[in-house]
Amino acid sequence: MAEVATEEGRWRDVDRLLSRHGNLVSAGFDPSPTLREDIGEYVKVLVVGAGGLGCELLKDLALSGFKNIDVIDMDTIEVSNLNRQFLFRLQDVGKSKAEVAAKRVMERVSGVNIVPHFGRIEDKELDFYSNFQIIVLGLDSIEARSYINSVACGFLEYDANDNPVPETVKPMVDGGTEGFKGHARVILPGTTPCFECNIWLFPPQVKFPLCTLAETPRTPAHCIEYAHLIKWDEVHSGKAFDADNPDHMQWVYDEALKRAELFGIAGVTYSLTQGVVKNIIPAIASTNAIVSAACALEALKLVSGCSKTLSNYMTYNGQEGTHIKVTDFFREKDCLVCGPGTLVELEPSVTLAEFIEQLEKHPDVLMSKASVTHRGNNLYMQAPPVLEEMTRSNLNLTLYDLLGKVVKDTVHVSGMVEKNEKRSSSLRKLRVSFKGVSAGSTDMDT
């Protein structure tokens, strides 16, 4: 009986929030005393990242009523993680972050099921991501954010009036921290700005001139990057450096120490080596907790409608006092990732070479010497010569076959366009639709 009372008390405030109307609720909000249970049963959430922010997210989502959660992370636990990634213990060092984090949360929150995935986000099939109603990001990498953003936006479809089809929208909640600063934002592909629309918000990564690294190093980071970018290739010709390989990282650290001693530079440590090579962003546990709370709340609002969602980018700065600001950024209408793109209708018999030729005459494209890519794969590249030769054989194949015999799909083309009597290079997103092809068709007469 005491256990039942404790369980009811745990969810009292959440159930109250989900069972009553309010002035700030979303238009489609349908309050119900069983809404939390419905969310727990039917909503699947994917958490990307199980580090400092990811640990907080898993805990907050589980305590917000989400019961079906998957988490993916390719990293293993290191001693340096233990000061802020509270789900891990010393005996966990060397183990998968995703697996340990899932286990610890399930031990503390009854009824939640968290499925861990120890691996790279790029190694998962698109069907894996289609299983989730919402994706929550706890990443420290621009590249990883861009990838997940492109995957989520890839599910987006537009109607004949270029309005997003609601059933195809894959909401994302993105959080990030750096020291005493952090952000939380809601991404509704086709409605709010996607990651690429506002990629300018992220400062460019610091790059050191190679001449400085090779001749006049002045800081510990210079010594580390010398070992990483120059010395590694000299000693390991043809062998790729793997930042996630401890032996590789140890080698760079040892070489950086030698370099630092030679030039009388102090401060090279193993943790700094990791930070420089992997571009690790400094993190503080309290900042992670604040940003995670905001992200988990937005996820709950998105799936329940119990309140209007963030519009659409919140920044937190605790460096000098406490400052929180919300900015309503606008979506780039012609964004190559979340925008509708230009519709091009084709017969299934059109070859890739014919498609490229048609782009020169299409009134909304007018592009010559086009290169074509599909989901990151090069279908045909005009240059450099080695890529042109490698992709030349695709020219005689039908675009229908090259795209996997689907009714419609998206391709990106780059080439030359003429505007105001000036020729310039351009990159365009095209929605290719095949005439006379029905959903589920696998073969047809062409």
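Mind checking whether some residue in the stretch 195-209 is assigned to a helix (DSSP H, G or I) and more than 30 Å from the chain's Cα centre (by Cα)? Scanning the stretch 195-209, I find no residue that is assigned to a helix (DSSP H, G or I) and more than 30 Å from the chain's Cα centre (by Cα), so the answer is no.
Screening the stretch 325-342 for residues that are open to solvent by less than 100 Å² (accessible area, probe 1.4 Å) and of a type in the set (A, V, I, L, M, F, W, C) and picking the one that is nearest to E298 (Cα to Cα) gives V326. Taking the conditions exactly as written (in contact (Cβ under 8 Å) with a residue 40 or more places away in the chain, in contact with a strand residue (DSSP E or B) (Cβ under 6 Å, 6 or more places away or on another chain) and over 20 Å from C153 (Cβ atoms)), does P340 satisfy them or not? In short, no.
Against the list (1) out of contact with any Asp or Glu (no Cβ under 7 Å at 6 or more places or on another chain); (2) assigned to a helix (DSSP H, G or I); (3) of a type in the set (D, E, K, R), the condition D70 fails is (2). Taking the stretch 56-82 as the range and being in contact with a strand residue (DSSP E or B) (Cβ under 9 Å, 6 or more places away or on another chain) and closer than 23 Å to P246 by Cα as the test, the residues that pass are I72, D73, M74, D75, T76, I77.
Just checking, which of A293, A299 is open to solvent by 20 Å² or more (accessible area, probe 1.4 Å), of a type in the set (A, V, I, L, M, F, W, C), at pLDDT 95 or above and assigned to a helix (DSSP H, G or I)? Selected residue: A293, the only one of A293, A299 that is open to solvent by 20 Å² or more (accessible area, probe 1.4 Å), of a type in the set (A, V, I, L, M, F, W, C), at pLDDT 95 or above and assigned to a helix (DSSP H, G or I). Just one residue in the set L61, L35, L57 is of a type in the set (A, V, I, L, M) and over 26 Å from A144 (Cβ atoms); that residue is L35.
Give the residues of the stretch 79-96 that are farther than 20 Å from S286 by Cα and within 23 Å of the chain's Cα centre (by Cα), sorted by residue number. Across the stretch 79-96, the qualifying residue is only S96. Does D244 satisfy the condition of being within 15 Å of T273 (Cα to Cα) and either modelled with pLDDT under 80 or part of a loop (DSSP other than H, G, I, E, B) (or both)? Yes: the conditions hold for D244.
Please go through the stretch 345-387 and pick out each residue that is within 28 Å of the chain's Cα centre (by Cα) and either in a loop (DSSP other than H, G, I, E, B) or in contact (Cβ under 8 Å) with a residue 60 or more places away in the chain (or both). Once the filter is applied, which keeps residues that are within 28 Å of the chain's Cα centre (by Cα) and either in a loop (DSSP other than H, G, I, E, B) or in contact (Cβ under 8 Å) with a residue 60 or more places away in the chain (or both), the stretch 345-387 yields R375, G376, M381. Screening the stretch 1-35 for residues that are in a helix (DSSP H, G or I) and at pLDDT below 80 and picking the one that is surrounded by the fewest Cβ atoms within 10 Å (Cβ to Cβ) gives A2.
Of the candidates S368, S349, the single residue that is in contact with a Gly (Cβ under 8 Å, 6 or more places away or on another chain), modelled with pLDDT of 85 or more and farther than 30 Å from E122 by Cβ is S368.
So that you can scan it fast, the table gives a plain yes or no per residue for (1) under 30 Å from the mean Cα position of the chain (by Cα); (2) among the hydrophobic types (A, V, I, L, M, F, W, C); (3) closer than 21 Å to F155 by Cβ:
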site: R392; (1), (2), (3): no, no, no
site: L397; (1), (2), (3): no, yes, no
site: D401; (1), (2), (3): yes, no, no
site: K405; (1), (2), (3): yes, no, yes
site: K408; (1), (2), (3): yes, no, yes
site: G415; (1), (2), (3): yes, no, no
site: R423; (1), (2), (3): no, no, no
site: S426; (1), (2), (3): yes, no, no
site: S433; (1), (2), (3): yes, no, yes
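Identification of strands (runs of 3 or more DSSP E) wholly contained in the stretch 118-192 with 1 or more residues that are open to solvent by 70 Å² or more (accessible area, probe 1.4 Å) yields 172-178, 181-187.
Applying a threshold of 9 Å to beta carbon distances and a minimum spacing of six or more residues, or different chains, the list of pairs starting in the stretch 263-281 at a residue that is over 24 Å from G52 (Cβ atoms) and outside any loop (DSSP other than H, G, I, E, B) and ending at one that is open to solvent by 70 Å² or more (accessible area, probe 1.4 Å) and basic (K, R) reads F263/R218.
Does the stretch 388-403 contain at least one residue that is in contact with a Phe, Trp or Tyr (Cβ under 6 Å, 6 or more places away or on another chain) and without any contact (Cβ under 8 Å) to a residue 40 or more places away in the chain? Yes: one or more hits. Select from the stretch 395-422 the residues that are open to solvent by 30 Å² or more (accessible area, probe 1.4 Å) and in a helix (DSSP H, G or I) and write down the one among them that is nearest to Y147 (Cα to Cα). This residue is L402. Among residues that are in contact (Cβ under 8 Å) with a residue 40 or more places away in the chain, among the hydrophobic types (A, V, I, L, M, F, W, C), under 30 Å from L61 (Cα atoms) and not in a loop (DSSP other than H, G, I, E, B), A221 is not included. Exactly one residue out of N81, N113 is of a type in the set (S, T, N, Q), in contact with a helix residue (DSSP H, G or I) (Cβ under 8 Å, 6 or more places away or on another chain) and surrounded by fewer than 19 Cβ atoms within 10 Å (Cβ to Cβ): that is N113.
The values are calculated or read from the model by the stated rules, or taken from the named source; none is laboratory data. Note that the structure is predicted; figures quoted are calculated from it, not measured. Because the Cβ atoms are built from the backbone with ideal geometry, glycine has one as well, and the counts that use them run over all protein chains shown. Areas reflect the complete protein model, heavy atoms only, side chains present, ligands, DNA and RNA absent. Shrake-Rupley method; radii C 1.70, N 1.55, O 1.52, S 1.80 Å.
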